[in-house]
1. Could you tell me which numbered condition Ala263 fails, if it satisfies all but one of (1) at pLDDT 95 or above; (2) hydrophobic (A, V, I, L, M, F, W, C); (3) surrounded by fewer than 19 Cβ atoms within 10 Å (Cβ to Cβ)?
2. Please work out if Leu15 is open to solvent by less than 20 Å² (accessible area, probe 1.4 Å) and more than 20 Å from Gly246 (Cα to Cα).
3. I'd like to verify a number: residues in region 56-89 that are open to solvent by 50 Å² or more (accessible area, probe 1.4 Å) and either charged (D, E, K, R) or under 20 Å from Ile176 (Cα atoms) (or both), how many?
4. Starting from region 41-67, take each residue that is in contact (Cβ under 8 Å) with a residue 24 or more places away in the chain and within 21 Å of Ser129 (Cβ to Cβ) and list its partners that are of a type in the set (Lys, Arg) and open to solvent by less than 10 Å² (accessible area, probe 1.4 Å), counting only C-beta distances under 9 angstrom and pairs at least six apart or across chains.
5. Six or more apart or on different chains, Cβ atoms under 6 Å: show the pairs whose first residue is in region 147-175 and farther than 19 Å from Leu68 by Cα and whose second is open to solvent by less than 20 Å² (accessible area, probe 1.4 Å).
6. Within region 127-171, can you find the residues that are open to solvent by less than 10 Å² (accessible area, probe 1.4 Å) and farther than 20 Å from Glu221 by Cα?
7. What's the number of the condition Ala116 fails, among (1) open to solvent by 80 Å² or more (accessible area, probe 1.4 Å); (2) within 15 Å of the chain's Cα centre (by Cα); (3) of a type outside the set (Val, Ile, Thr); (4) within 23 Å of Leu162 (Cα to Cα)?
Amino acid sequence: MTAHPLRLPAGPVDLDDIPSDATPGFKGNKKKAKAALFAMGDEIADRQERLFAEGRTTGSHRRVLLVLQGMDTSGKGGVLKHTVGLVDPQGVRITSFKAPTDEEKKHDFLWRVRRAAPQPGYIGVFDRSHYEDVLIGRVDHLAEPEEIERRYDAINDFERELVEDGTVVLKCMLHISKDTQKERLIRRLDRPDKHWKYNPGDLNARSKWDAYREAYNVALERTHTDHAPWFVVPSDHKWFRNLAVGELLLAALRGMDLQWPPADFDVEAERARLLAEDASA
């Protein structure tokens with residue numbers, strides 16, 4: 001079986017060796033990519049509804065967790081709008097992990113993450129995730145090196161628990177270049193309608209670009225597992241990024257072989273009751 005072109009290879013990781021402006025597996029242009037994403041919308045929505053119905057009626061534990069991780073401006077919001085937006089919002093739960101609250105700091109770093117894990121039948125999306133605790137934590141020295149090391153193993157164990165309990169874990173690293181980030185930040189400054197998206201603090205993180213790149217290299221290598229592999233999505237082209245995540249999400253749903261749950265009542269008897277009610281009216 002041929003490995004997916006975006007699946008991270010095993011072994012040492014160096015994101016500098018992975019082009020951020022490539023379009024692996026797709027030879028079309030922006031227009032064709034948008035059309036392709038739109039074309040898969042009905043199937044994604046159908047399979048998501050089957051998952052939701054299964055979770056509501058059969059007692060199944062199956063669900064999907066989509067992890068979106070990347071530097072500022074990599075497009076997590078764009079994926080939520082254009083790709084996750086293809087499915088019925090009632091079956092989706094989106095969580096964005098910000099700096100931990102005082103209450104959350106009293107617990108292990110995964111405490112708040114476990115509480116946000118999707119319920120059966122849902123597609124859960126982490127817009128930023130538990131990986132912040134080994135990225136920002138490492139770069140800004142928010143935890144001792146020994147604690148950061150412990151967290152990699154804790155993450156692997158946590159994701160294995162999710163998988164064993166029926167969760168498909170889909171992890172996407174949205175990979176952009178430093179030049180692309182600069183262009184997107186300038187665009188936000190140039191357009192009044194984008195000022196709300198600009199955060200002066202983004203420049204603080206940008207000044208640590210090399211440190212973050214190294215932190216990502218280590219995190220990807222240490223947490224790339226058979227049960228929860230990483231997919232590195234080149235994201236300099238927004239249209240390819242959205243399509244690629246859409247294709248990965250659809251493949252994950254297809255792999256679940258979702259069926260409509262059977263009725264737990266006598267369909268023909270209910271039909272007869274309904275018709276008899278109309279006849280007597």
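1. Here Ala263 meets the rest and fails (1).
2. Yes, satisfied.
3. 5
4. Qualifying pairs under 9 Å: Leu65/Lys171; Leu66/Lys171; Val67/Lys171.
5. What qualifies is Ile148/Val134; Ile148/Gly137.
6. Listed by number, the list holds a single entry, Thr167.
7. (1)
The values are calculated or read from the model by the stated rules, or taken from the named source; none is laboratory data. If you're wondering where the values come from, they're calculated on a predicted model, not measured in any experiment. Methodologically, a virtual Cβ is constructed for each residue, glycine included, from the backbone with ideal geometry; neighbour enumeration extends over all protein chains shown. Protein only, heavy atoms only, side chains kept; ligands, DNA and RNA dropped before computing areas. Shrake-Rupley method; radii C 1.70, N 1.55, O 1.52, S 1.80 Å.
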